[in-house]
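Step one of this worksheet: look at the structure below.
The values are calculated or read from the model by the stated rules, or taken from the named source; none is laboratory data. Since the model is a prediction, treat every value here as computed from it, not as a measurement. Here the Cβ positions follow ideal geometry from the backbone for every residue, glycine too, while neighbour counts run over all protein chains shown.
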Amino acid sequence: MIVVSGIQPTGKPHLGNYLGAIRNYVKLQDEAVAQDGTCLIFLADLHAISLPHDPKELYDSTLEMVATLVACGLDPNKTVLFNQAQVPAHAELQWLLNGTARMGWLNRMTQWKDKAGKNREGQSVALFSYPVLQAADVLLYQATHVPVGEDQKQHLELARDIAQKFNNDFASEEAPVFTLPDPYIPETAARIMSLRDGTKKMSKSDPSDMSRISLTDDADTMAQKVKKAKTDPEPLPSEVEGLAERPEALNLVTIYAALAETSAEAVLTEHGGAGFGQFKPALAELMVSVLSPIRDRFVDLKDDREQLDAILARGAAQARELGTPTLDAAYKALGLVRG
């Protein structure tokens, strides 16, 4: 079992990142260790430069994300934790795979369409081709399992297409260069929405800080944001079906269930019939109890740059060693070095 996943280092990590991805990284880390496998989690700083960015802010936020991941339970002794920029093989393999990837495949990527908008001609080449770098990210390590949300499944399908075509064109069936990775979609992955609009995902880029719970928020700030979260006037139903046309109510119930590691049905069994004046304080109390230890650990770590740099340096050295055989095999398969 080889698990590979990346997370953008830009912006402050929030509750949606924790419940939707980071908490599952910790579970996958332990599962991989139990199976004598490998778990690699990287900070996608090379992806970050596909859009306008501030160089100093990028470096600072990369270290901040390392502190966040460790505070949430990722153990550098169990997980290979690194940033892409320290492992040149990611960019090298992307270039080698650019010869296999097809313009039509990239043109169909929905995230390219969404991020580029109407000004496609004004976007960077990196934004267009970053799905090929995503493919390189996982193929470099012969990943077997890649944690993905619904919005990333298309990218993993592209990685499989690139791997399959490369193997067909340049390798044999008996000795393929790349493993075709499978998606890993944890049943417990929660889709957390904005506190201001239950139809939109909680996002680092939302201009309103009240739309998200940041993992750096203190207890009072968390409680205030929950108190002011958008809701409707109706009490909570006793069954999940009653939340169908109530996105904000559904979101708060989903957050409660995820934090308590239970089901929405169980939450409504306990709180059905209650108004939000009663439910919100219960949610805030639960949130503070779960997230405060993470915040405290983060505060202890975030300014220890020497320790954070050391974690990344050690992880990068491990990643370079793990990725070298695949990169060498790709060079040989393409005839760039003696086979």
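In the set (1) outside the structural domain of Leu97 (by TED's automatic domain parsing); (2) at pLDDT below 95; (3) in contact with a His (Cβ under 6 Å, 6 or more places away or on another chain), Thr262 fails one condition alone, (3). Those residues that are surrounded by fewer than 24 Cβ atoms within 10 Å (Cβ to Cβ) and within 12 Å of the chain's Cα centre (by Cα), I need them from the range 23-43; list them, please. Arg23, Asn24, Tyr25 - these are the residues of the range 23-43 that are surrounded by fewer than 24 Cβ atoms within 10 Å (Cβ to Cβ) and within 12 Å of the chain's Cα centre (by Cα). The residues of the range 8-40 that are among the β-branched types (Val, Ile, Thr) and in contact (Cβ under 8 Å) with a residue 60 or more places away in the chain, listed by number, are Thr10, Thr38. Answer yes or no: is there a residue in the range 97-107 that is part of a helix (DSSP H, G or I), in contact with a Pro (Cβ under 9 Å, 6 or more places away or on another chain) and in contact (Cβ under 8 Å) with a residue 60 or more places away in the chain. Checked the range 97-107: no residue is part of a helix (DSSP H, G or I), in contact with a Pro (Cβ under 9 Å, 6 or more places away or on another chain) and in contact (Cβ under 8 Å) with a residue 60 or more places away in the chain.
The numbered conditions (1) assigned to a loop (DSSP other than H, G, I, E, B); (2) at pLDDT 95 or above; (3) surrounded by fewer than 16 Cβ atoms within 10 Å (Cβ to Cβ) are all true for Gln164 except (1). Could you go through the range 220-233 and let me know if any residue there is of a type in the set (Gly, Ala, Ser) and surrounded by fewer than 19 Cβ atoms within 10 Å (Cβ to Cβ). Scanning the range 220-233, I find at least one residue that is of a type in the set (Gly, Ala, Ser) and surrounded by fewer than 19 Cβ atoms within 10 Å (Cβ to Cβ), so the answer is yes. One residue is enough: does the range 193-213 have a residue meeting the conditions over 17 Å from Leu252 (Cβ atoms), in contact (Cβ under 8 Å) with a residue 40 or more places away in the chain and touching a Leu at 6+ places or on another chain (Cβ under 6 Å)? Taking every residue of the range 193-213 in turn, none turns out to be over 17 Å from Leu252 (Cβ atoms), in contact (Cβ under 8 Å) with a residue 40 or more places away in the chain and touching a Leu at 6+ places or on another chain (Cβ under 6 Å).
The listed residues are Gly315, Gly339, and the only one of them that is under 30 Å from Gly99 (Cβ atoms) and surrounded by fewer than 17 Cβ atoms within 10 Å (Cβ to Cβ) turns out to be Gly339. Can you list residue pairs whose Cβ atoms sit under 6 Å apart, with the first residue in the range 149-175 being touching a residue at least 24 places away in the same chain (Cβ under 8 Å) and the second being among the β-branched types (Val, Ile, Thr) and surrounded by 12 or more Cβ atoms within 10 Å (Cβ to Cβ)? Count only pairs 6 or more apart in sequence or on different chains. If the second residue must be among the β-branched types (Val, Ile, Thr) and surrounded by 12 or more Cβ atoms within 10 Å (Cβ to Cβ), the pairs left are Leu156/Val146; Leu156/Val148; Ala159/Val138; Ile162/Thr100; Lys165/Thr100; Phe166/Thr100; Ala171/Val177. Please verify whether Asp206 is within 30 Å of Leu291 (Cα to Cα) and touching a Ser or Thr at 6+ places or on another chain (Cβ under 7 Å), treating the condition exactly as stated. Spelling it out, Asp206 is indeed within 30 Å of Leu291 (Cα to Cα) and touching a Ser or Thr at 6+ places or on another chain (Cβ under 7 Å). Selection of the range 140-165 for residues being hydrophobic (A, V, I, L, M, F, W, C) and in contact with a Leu (Cβ under 7 Å, 6 or more places away or on another chain) yields Leu140, Val146, Val148, Ala159, Ile162, Ala163. Once the range 163-187 is narrowed to residues that are out of contact with any Phe, Trp or Tyr (no Cβ under 8 Å at 6 or more places or on another chain) and β-branched (Val, Ile, Thr), the residue that is farthest from Lys113 (Cα to Cα) is Thr179.
The helices (runs of 4 or more DSSP H) falling completely within the range 11-72 that include 3 or more residues that are of a type in the set (Ser, Thr, Tyr) map to 55-71.
Report whether or not Glu285 is over 20 Å from Met222 (Cβ atoms), part of a helix (DSSP H, G or I) and within 27 Å of the chain's Cα centre (by Cα). Here the answer is no, as Glu285 does not meet what is asked. Counting the residues of the range 257-282 that are of a type outside the set (A, V, I, L, M, F, W, C), more than 26 Å from the chain's Cα centre (by Cα) and assigned to a loop (DSSP other than H, G, I, E, B) gives 3.
Restricting attention to the range 181-192, does a residue exist that is out of contact with any helix residue (DSSP H, G or I) (no Cβ under 7 Å at 6 or more places or on another chain), closer than 30 Å to Val226 by Cβ and among the charged types (D, E, K, R)? Yes, the range 181-192 contains a residue that is out of contact with any helix residue (DSSP H, G or I) (no Cβ under 7 Å at 6 or more places or on another chain), closer than 30 Å to Val226 by Cβ and among the charged types (D, E, K, R).
Among residues of the range 295-312 being without any contact (Cβ under 8 Å) to a residue 24 or more places away in the chain and within 27 Å of Ile2 (Cα to Cα), the one that is surrounded by the fewest Cβ atoms within 10 Å (Cβ to Cβ) is Ala310.
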